[in-house]
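Data first, discussion second: the structure below is written as structure tokens.
FYI, it's all coordinate maths here, none of it is from the lab. Small disclaimer: the values here were computed from a predicted structure and weren't measured. Reconstructed Cβ throughout: ideal geometry from the backbone, glycine too, with neighbour counts over all protein chains shown.
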């Protein structure tokens with residue numbers, strides 16, 4: 001018996017999905033979107049091949065978090081200088097960059113290798129209900 005290895009799919013073979021994030025929990029939504037971007041929901045999944053789909057997320061800033069995460073959850077970054085640790089809460093991040101929190105959550109759930117950048121480039125986040133990818137005829141997915 002031979003092992004069949006899937007080939008890299010072309011952009012025309014990738015499907016487009018639309019997901020509404022309104023009322024969804026941040027972490028649970030991020031895991032489902034990461035699975036779709038990674039291609040793990042397909043039969044021919046292979047970890048070394050990037051065969052994921054395009055995902056358009058509308059209302060990306062209207063997700064829900066539990067408990068006091070809106071004020072207690074902190075995002076850290078470092079400037080590279082001594083004492084350059086900068087921290088922002090989830091509440092402040094949503095005011096400055098509404099879609100950045102969801103993007104960081106999904107990015108953390110994707111594999112840490114060369115395929116990650118291409119997977120994230122197929123993620124399209126919009127803070128309103130309108131998006132500009134109607135020409136691709138995306139399927140609406142209920143999560």
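Filtered by the rule that a residue be assigned to a helix (DSSP H, G or I) and either under 21 Å from residue 6 (Cβ atoms) or within 9 Å of the chain's Cα centre (by Cα) (or both), the range 27-51 gives 29, 30, 31, 32, 33, 34, 35, 36, 37, 38. Within the set 86, 96, the sole residue that is surrounded by fewer than 17 Cβ atoms within 10 Å (Cβ to Cβ), more than 16 Å from residue 54 (Cβ to Cβ) and touching a strand residue (DSSP E or B) at 6+ places or on another chain (Cβ under 7 Å) turns out to be 86. Of the candidates 20, 53, 44, the single residue that is surrounded by 12 or more Cβ atoms within 10 Å (Cβ to Cβ), touching a helix residue (DSSP H, G or I) at 6+ places or on another chain (Cβ under 7 Å) and closer than 23 Å to residue 139 by Cβ is 53.
Here is the figure for the range 104-125: residues that are crowded, with 17+ Cβ neighbours inside 10 Å and over 15 Å from residue 24 (Cα atoms) total 7.
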